[in-house]
1. How much FRET efficiency would the formula 1/(1 + (r/R0)^6) give for Glu398 and Ile430, where r is the Cβ-Cβ distance and R0 is 22 Å, rounded to 0.05?
2. Determine the shape class of segment 313-445: with a ≥ b ≥ c the square roots of the Cα gyration tensor eigenvalues, call it rounded for a/c under 1.5, and otherwise prolate if a/b is greater than b/c, oblate otherwise.
3. Using DSSP H assignments, which helices in the chain have an axial alpha-carbon span of 18 Å or above and a mean Kyte-Doolittle hydropathy of -1.0 or higher?
4. Considering only Ile32, Ile418, Tyr202, whose Cα is most displaced toward the positive end of the charge dipole of the chain, charges sitting on Cβ of Lys, Arg (+1) and Asp, Glu (-1)?
5. Students often check this: by mean Cβ neighbours within 10 Å, which of 344-352, 453-461 ranks highest, and how do the rest follow?
6. Pull up the DSSP beta bridges for the chain and report the antiparallel fraction as a percent, rounded to 5.
7. Can you tell me the length gained on complete extension of the stretch Asn152 to Glu64, counting 0.36 nm per residue apart and subtracting the Cα distance?
8. Distance cut-off 21 Å, Cα to Cα: go down the list Lys24/Lys254; Lys88/Lys131; Lys345/Lys456; Lys131/Lys185 and report the pairs above it.
Amino acid sequence: MEKYDLIVIGAGNGGLMTACRASKMGLKVLVIERHNLPGGAASSFVRGRFEFDASLHEIPDFGEGEIRGELGHLFDDLGIKVEMLPVKDAFRYIVERDGVRSLDVTFPHGKEKVMNLIREICPEDVEPMEKFFQAYHDMAAGLDYFGSTRGNPDQEVLRTKHANFMRIMSLSAGELFEELGMSKKCIDIMTAYWPYQGTDMYTVDASRYVLMVYGYFINGAFVPRMRSHQLTSAIVNRSVELGCKFLYNTEVTKVLTKNGAVCGVETDRGQTFECTAIASNAFPEVIYSKLLDDKSLVPVYERKKVNARKYGFRAFSVFLGLDASPEEIGIKDYTVFISSSDDSKVIFDDSGTRDGKEFAMDICCLNMAVPDCTPPGTTMAVLTISYTEDAWADVTEENYVKTKREVADRLIDNVEKIMGYNLRDHIEEIEIASPVTFARYMNTPQGSIYGYMSLKWDGMSTRTLVNGMEPTIPGLFFVGGHSSGLSGYFPTYTGGNRTAYQILGYVMGGGK
Ligand SMILES: Cc1cc2nc3c(=O)[nH]c(=O)nc-3n(C[C@H](O)[C@H](O)[C@H](O)COP(=O)(O)OP(=O)(O)OC[C@H]3O[C@@H](n4cnc5c(N)ncnc54)[C@H](O)[C@@H]3O)c2cc1C
């Protein structure tokens, strides 16, 4: 029987990036994926004349030339080539309730443009915004320092060089914005990205939000020319060149252990593969409660942590293929966030059920970044809302289709009313994905699309600082939206890459 250094369960972003880096470092790697395609959420599907992205709206930190970002450099370093196109603006943000619009602002990319807009619409926030950029640099420097010390920072260095980083770590994004002295209007605008985090401004940890917003504002946002499947295929192709093996249409059904450490997997095809380490793109609870052959090995601490965590957003998306051009429909923006309230906490608290009175949704039109992504005279638009709880748990098999259509209907109504688009008369193709769809496709609990919520006690800084120091089963590593890097394309790629180095250390240390 062939023995692998590393078996990766699942070919989502995290799994693929770990596999690619580990293969580049010379490890013998096998990736096992349930579906006939790699990518997990980073995939696409075709309906009629339209190829829809299953998830991606935008990715920060690619950039070209002087503004080549961290992700761009990571892809360069691994030799992964993908044509990425820039998205023009950061977002348009509309707050409207009962026909009364209280905010309508289009935010650009690039520090100079951002500052020009701030001077124009809220001049008293110029200084707080400068402090916000400084907060980013302090955060990034602190995290870099922690990374360089492998979890053993010098207290004196922390006290003298990273005091601001330590302070920011204890704050939520909303608290930080207040501390910086931002006006309510500026905080409202800075809050627009909150649906990308799945937590309101006073719950999400400042570090996570600051790093993401800075990435988008300064280096811009990007999309692959040919949907996220292009990104996925490029990583797979490069991994194969580097010697990695892939097994599709195969589900890992058992994680095998020996002497308290992982030693292999079994699949639904009856195969057994031996290995030294496992990187799981499947959630920890899936491994601990379903796949592990000896459940008594799960450390008490791990079990408690998994139980204490809250799942991230569960999404609902309506994919529309329209038989009219964006101009005919009146679409001018790439992303529009539409909210019934400027207070993310109000919406967050009301988003646990399907019939909440508040709403926050976005409409994303890929043609605005990739004009030829659909045939001439047509448009592709995706409408998305999210839930903070298991809002579809009570939907039965009998009323599933009806419920899906009702929710989709409401979203289309909202967009037609608020944006003034006529969508219904132009629908050529429509596909609807509910939390149930995402749960089935990604194999995530309750259809969580963002792993676990990024809370103050369990946010990005915390997970980064304790990464590698918390006990799991020897040889078992987690990658993907539920792991230390958190969710999103950037975090799952960079987190998967980092974990590959930890795995190399484990394998080279003879499984210790
Ligand atoms: C609607 C939507 C919109 C989004 N928009 C954005 C965006 O604009 N920007 C952004 O940065 N992020 C966005 N995200 C989030 C981003 O897509 C995810 O964070 C990321 O793709 C998750 O990657 P992952 O590594 O966690 O793997 P996943 O995508 O969760 O994939 C896990 C893979 O593991 C496989 N698997 C699980 N169990 C097994 C098993 N036992 N055996 C074999 N295979 C298994 C699954 O089949 C799957 O392929 C969006 C997500 C969704 C759903």
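What follows is calculated from the coordinates using simple rules that are stated; it is not laboratory data. Here the structure is a predicted model, which is why all the values come from computation and not from measurement. Neighbour counts run over all protein chains shown; Cβ positions are idealised from the backbone, glycine included.
1. Working: r = 22 Å, r/R0 = 0.98.
The computed FRET efficiency comes out at 0.55.
2. Prolate, since a/c reaches 1.5 and a/b exceeds b/c.
3. Working: long enough: 126-148 (33 Å, -0.21); 206-219 (19 Å, 0.72); 227-241 (22 Å, -0.49); 400-419 (28 Å, -0.55); 489-508 (29 Å, -0.13).
Span-like helices, by this rule, are 126-148, 206-219, 227-241, 400-419, 489-508.
4. Ile32
5. Values: 344-352: 18.9, 453-461: 20.7.
Top of the packing list down: 453-461, 344-352.
6. On the way: 56 of 78 bridges.
The antiparallel proportion sits near 70 percent.
7. Here the segment from Asn152 to Glu64 would lengthen by 28.2 nm.
8. Numbers: Lys24/Lys254 27 Å; Lys88/Lys131 25 Å; Lys345/Lys456 15 Å; Lys131/Lys185 17 Å.
Exceeds cut-off: Lys24/Lys254; Lys88/Lys131.
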